[in-house]
């Protein structure tokens, strides 16, 4: 069966590093935008990726408006919206709870994952909407679903949005798991303390026809190892399978991948297993994690890093691993410095609780 192709034509993002332009500047300068906060854990310092604006939903609207303005569309009336989020309206619920010291005024429709989908539908009127929530692979699975719908010709235009705001529930939850860091994270470093919870917004317009700036999604892969509720399979079987599936979907060999944007959260378990999986499957491919700049934006991470992958392909410049002193696993090629070269294929990984794994493969159009 001949598959229709999927092109990322327009995108917009916002994170603790600002918009896409300032984000890439920070990545290439190896300048972490993580800040230290003492308000979330009763005075204990925790490093977080905080967006400066207090109005998350206005930033969300602004990102989507920017995509629409730069697109060839007059409106989104024939566009499918797919949202990936793990937090949804939790922050709004927390505001009511902390104000009232009660759950009474929390409305279930303002709490659930679909609050982002509903907000965007109210503001832009999409042809249809869907929400995906699979923890830290939420927007990866949103992109996977979008590509598969494009492949069979279900839609000509699909807007994928990854969005998660910073809230007490997630910060305290990861603290309870013992995986938070009190300083900016150091992915793949031999000495590392943990991850940085962060917030972010990323909107990508996928279309079945390319433009001058298009990046193609050529392969998507998913797997579920179901080894443990929060820890990955120590042998990396699920991660390897997701990457293999993406390569098979694109019909390319491991030697053709120029760079891997690693999930690389900075936790002990995740980094060790991902490095092992990359070592088993690849030989010398360049690797780095951009979460040292942005923190882990949870359900928004894959969409944000899809945009980063697109920028890397367009600029022909690989990002170095920020904060790397001595790699725990020296058998993978972690970049010490940024590198300019011709880049054709970028693989981006996302791994989530419950062994939910996803890999996305992007190609520069020649």
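The values are calculated or read from the model by the stated rules, or taken from the named source; none is laboratory data. Computed from a prediction, not measured in an experiment: that's the story for all the values here. Note that each Cβ is placed from the backbone with ideal geometry, even for glycine, and that neighbours are counted across all protein chains shown.
Just a few scattered comments:
- Here the condition is being touching a residue at least 60 places away in the same chain (Cβ under 8 Å) and within 19 Å of residue 167 (Cα to Cα); of 115, 83, it holds for 83 alone.
- Given (1) surrounded by fewer than 21 Cβ atoms within 10 Å (Cβ to Cβ); (2) out of contact with any helix residue (DSSP H, G or I) (no Cβ under 7 Å at 6 or more places or on another chain); (3) not in a loop (DSSP other than H, G, I, E, B), number of the condition residue 209 does not satisfy: (3)
- Annotation: of all residues in segment 212-235 being closer than 17 Å to residue 309 by Cα and modelled with pLDDT of 95 or more, the one that is surrounded by the most Cβ atoms within 10 Å (Cβ to Cβ) is 217.
- Breaking point among (1) part of a helix (DSSP H, G or I); (2) in contact with a helix residue (DSSP H, G or I) (Cβ under 7 Å, 6 or more places away or on another chain); (3) under 26 Å from residue 178 (Cβ atoms), for residue 232: (1)
- Taking segment 84-180 and the helices (runs of 4 or more DSSP H) fully enclosed by it, the elements with 2 or more residues that are at pLDDT 95 or above and under 26 Å from residue 44 (Cβ atoms) are at 168-176.
- Lone unmet requirement of (1) in a loop (DSSP other than H, G, I, E, B); (2) more than 25 Å from residue 164 (Cα to Cα); (3) touching a helix residue (DSSP H, G or I) at 6+ places or on another chain (Cβ under 7 Å) for residue 273: (1)
- Complete set of residues in segment 321-358 that are in a loop (DSSP other than H, G, I, E, B) and in contact with a helix residue (DSSP H, G or I) (Cβ under 8 Å, 6 or more places away or on another chain): 321, 322, 323, 328, 329, 331, 332, 338, 343, 344
- Looking across segment 238-269 at every residue that is over 26 Å from residue 313 (Cα atoms) and buried (at least 18 other Cβ atoms within 10 Å of the Cβ), the one that is nearest to the chain's Cα centre (by Cα) is identified as 267.
- Scan of segment 276-287 for residues that are crowded, with 24+ Cβ neighbours inside 10 Å and more than 16 Å from residue 355 (Cβ to Cβ), ordered by number: 278, 287
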